[in-house]
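The values are calculated or read from the model by the stated rules, or taken from the named source; none is laboratory data. This structure is a prediction, so every number in the text was calculated from the model and none was measured. Cβ: placed from backbone, ideal geometry, glycine included. Neighbour counts: every protein chain shown. Surface areas here come from the heavy atoms of the whole protein model, side chains and all, with no ligands, DNA or RNA. Shrake-Rupley method; radii C 1.70, N 1.55, O 1.52, S 1.80 Å.
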Amino acid sequence: GNVLEKTYRDKHQAYNKNVKALTTLKVAIEKNNKAFALQEADLHAVYEELSSRLAYLNRQYTTSSRTLDTLNEKEEQNKQRQKEWQQEHMAQLLREELEDGALCPVCGTPYKEHHSKHISLSPSSASLNTLEAEQKDLEKQKKQQQALLQQLDKDRYSLTTHLSSLKDALEITEELTPKEDAKGVSKEKTVSDSSIISDASSTEPTISYDLVPDYSSISRQISAYLQAKGDLRRQKEQYDTQATALKE
């Protein structure tokens with residue numbers, strides 16, 4: 001009886017001690033769980049912001065690509081006009097060298113008849129200068145669009161990489177679509193160039209796309225989140241193990 005009584009006292013003392021430890025662990029888990037929920041909410045907000053930024057950059061890339069295609073078409077048209085100007089200029093020089101009654105070296109008709117059928121204004125040097133100026137302007141615009149596309153490609157790569165890390169950390173399986181306001185209009189800002197113009201009269205909250213995200217800070221957030229996630233999982237496993245042992 002003394003042995004059984006001592007055994008009971010020892011076990012009861014150990015039980016009370018473990019109950020207290022388990023209660024303390026439960027309180028710690030609840031506290032850490034709240035802190036973890038805040039971290040998770042912050043990362044979800046970052047993920048939504050980066051997703052909206054990526055959608056914006058994709059639209060900018062599409063717009064810039066179309067602009068570059070249009071500039072290429074205009075450049076070809078300009079080159080064709082310059083070629084036509086040169087041909088007309090050469091033809092005019094040729095006509096000036098022909099004498100009355102002489103046969104045209106191109107079509108073989110007499111000069112007077114040829115001249116009467118093909119009267120045209122001689123091309124002016126001013127028109128050529130205009131075409132050349134347009135050509136230089138088109139080349140400048142093309143370089144700007146090409147530089148913009150390269151920068152957009154770089155930004156999209158960085159965004160995609162960090163979005164992938166966020167998706168893995170948050171265990172997101174579905175793609176996020178940009179949020180829309182009550183009118184069904186996307187809150188993404190669309191501009192024609194790489195600069196962002198702020199609308200001071202607008203009361204709607206907008207994302208500032210001109211500021212490059214602090215990817216170092218985001219990486220630290222992800223690391224801290226994963227660390228907290230692992231610690232919380234281990235605490236819960238420890239709680240389950242101790243609760244089972246206590247029940248036994």
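Quick rundown of the values:
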read-out	value
Rough spin-label spacing in nm, given labels placed 7 Å along Cα→Cβ, for ARG233 and LYS154	3.7 nm
Sulfur and carbon atoms: percent of accessible area, the range 25-96 [1.4 Å]	51 percent
Modelled FRET efficiency - R0 45 Å, LEU38 with THR62, Cβ distances, 0.05 increments	0.75
For q = 0.12, 0.21, 0.25 Å⁻¹, Debye-computed log10 I/I(0) when each Cα of the range 1-88 counts as one equal scatterer	-0.73, -1.00, -1.10
Radius 14 Å from Cβ of ALA41, net charge of other residues (Lys, Arg +1; Asp, Glu -1)	-2
Ranked order, VAL19, VAL3, VAL46, VAL27 - accessible area, probe 1.4 Å, largest first	VAL3, VAL27, VAL19, VAL46
Residues of the range 30-82: accessible area per residue with a 1.4 Å probe, Å²	58 Å²
Positive minus negative residues near LYS74 (Lys, Arg vs Asp, Glu; Cβ under 13 Å)	-1
Note, ³J(HN,Hα) from phi for the range 34-48, Karplus 6.51, -1.76, 1.60, rounded to Hz, x at Gly and Pro	5, 5, 5, 5, 5, 4, 5, 5, 4, 5, 5, 5, 5, 4, 5
